[in-house]
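Written below as structure tokens is the structure these notes are about.
The values are calculated or read from the model by the stated rules, or taken from the named source; none is laboratory data. Remember, predicted model here, so these are calculated numbers, not experimental data. Every residue, glycine among them, receives a Cβ derived from its backbone with ideal geometry; neighbour counts consider all protein chains shown. When the accessible area is computed, the model is the full protein with side chains, heavy atoms only, and any ligands, DNA or RNA have been set aside. Shrake-Rupley method; radii C 1.70, N 1.55, O 1.52, S 1.80 Å.
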Amino acid sequence: MTAAKKILIVVDDTDLQEMLTEQLELHGEFLTDSIDNGRAAIDKTLERYYDIILMDVSLTDMDGREVCRMMRENGIKSPIVMLSRFDTDADTILGLDAGANDYVIKPFRINVLMARLRARIREVEQSEHAVFQIGHYSFRPLDKTMQDNRSDQKIRLTEKETAIVKFLYLASDHVVSRDVLLGEVWGYNAGVTTHTLETHVYRLRQKIEEDPSNALILVTEPKGYRIVR
């Protein structure tokens, strides 16, 4: 069974928020977090990675498009789908120019919205075929390899090592706590301990760091780990 996708719902209409949460979680396809204001949403996306963000343009504290722009400026790479009652080309252009990936007009059919969410998530998943630059390495998630651009040496990664690197990369240089990384890579009900994570990090550093005891790429911080690009 495919793992549920993590979605952040940013809507200040309580009824709409409850409906979206109920419908998106109905068949176990999505795991939802809900927030009713833009500034809290920005803080939340800096704390953890979401597979997708669903955000209303009309928020009480600030315009959703401004929230979107600020998220992009902070390095948030999750796809963002905007909800709006304004059905004009100008409004759509403003949303897309702010960094949104899609723009859905209210009222909407929930099955159509979910199809749009799936489509945006697929676009990110297909980026598995892409090559991400991390320091002097080219990281290829699909191939589970990191290639040293200086020597062309190709380093093979395990599935878990690949998941660790990819998640930290998507976190955009933000620190990811050990508990969050454990949950994302092993699953929140896996029952593994931080020792398991630390062992994988240790082995990963042996492969990609010139001096594993003084890591410059996969860095330990007081609250967790981050990837230095």
- Query: Of all residues in segment 1-18, which are open to solvent by 10 Å² or more (accessible area, probe 1.4 Å), at pLDDT 90 or above and not in a loop (DSSP other than H, G, I, E, B)?
  - Reply: Thr14, Asp15, Leu16, Gln17, Glu18
- Message: If Lys44 meets every condition in (1) closer than 15 Å to Ile9 by Cα; (2) in contact (Cβ under 8 Å) with a residue 40 or more places away in the chain apart from one, which number is that one?
- Response: (2)
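Is there a residue in segment 145-156 that is without any contact (Cβ under 8 Å) to a residue 12 or more places away in the chain, exposed (fewer than 15 other Cβ atoms within 10 Å of the Cβ) and under 23 Å from the mean Cα position of the chain (by Cα)? Give the derivation first.
Filtering segment 145-156 for residues without any contact (Cβ under 8 Å) to a residue 12 or more places away in the chain gives 147, 151-154.
Right, trim to exposed (fewer than 15 other Cβ atoms within 10 Å of the Cβ) and you get 151-154.
Checking the rest, the ones that are also under 23 Å from the mean Cα position of the chain (by Cα) come to none.
Within segment 145-156, not a single residue is without any contact (Cβ under 8 Å) to a residue 12 or more places away in the chain, exposed (fewer than 15 other Cβ atoms within 10 Å of the Cβ) and under 23 Å from the mean Cα position of the chain (by Cα).
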- Note on the structure: With the first residue restricted to segment 88-115 and required to be at pLDDT 90 or above, and the second required to be assigned to a helix (DSSP H, G or I) and among the polar types (S, T, N, Q), Cβ contacts under 6 Å at 6 or more apart or on different chains are Tyr103/Thr92; Ile110/Gln23
- Message: I'd like the full set of residues that are basic (Lys, Arg) and in contact with a Lys or Arg (Cβ under 7 Å, 6 or more places away or on another chain), limited to segment 143-194.
- Response: Lys144, Arg156
- Message: Looking at segment 34-64 only, could you name the residues that are more than 16 Å from the chain's Cα centre (by Cα) and part of a helix (DSSP H, G or I)?
- Response: Gly38, Arg39, Ala40, Gly64
- Task: Can you give me the number of residues within segment 70-97 that are under 30 Å from Asp179 (Cβ atoms), touching a helix residue (DSSP H, G or I) at 6+ places or on another chain (Cβ under 7 Å) and either assigned to a helix (DSSP H, G or I) or acidic (Asp, Glu) (or both)?
- Result: 2
- Where residues in segment 98-129 are of a type in the set (A, V, I, L, M) and not in a helix (DSSP H, G or I), which of them is surrounded by the fewest Cβ atoms within 10 Å (Cβ to Cβ)? Ile105
- Message: For the condition in a loop (DSSP other than H, G, I, E, B) and open to solvent by less than 50 Å² (accessible area, probe 1.4 Å), what is the one hit in Ser138, Ser172?
- Response: Ser172
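Could you grab me the full set of residues in segment 193-208 that are of a type in the set (Val, Ile, Thr) and assigned to a helix (DSSP H, G or I)?
Thr194, Thr196, Thr199, Val201, Ile208
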- Output yes when any residue across segment 203-221 is touching a residue at least 40 places away in the same chain (Cβ under 8 Å), of a type outside the set (D, E, K, R) and open to solvent by 40 Å² or more (accessible area, probe 1.4 Å), and no when none is. yes
- Residues that are surrounded by fewer than 13 Cβ atoms within 10 Å (Cβ to Cβ) and over 28 Å from Arg178 (Cβ atoms), drawn from segment 19-51: Glu22, Leu26, His27
- Query: Does Val67 count as part of a strand (DSSP E or B), at pLDDT 95 or above and open to solvent by less than 20 Å² (accessible area, probe 1.4 Å)?
  - Reply: no
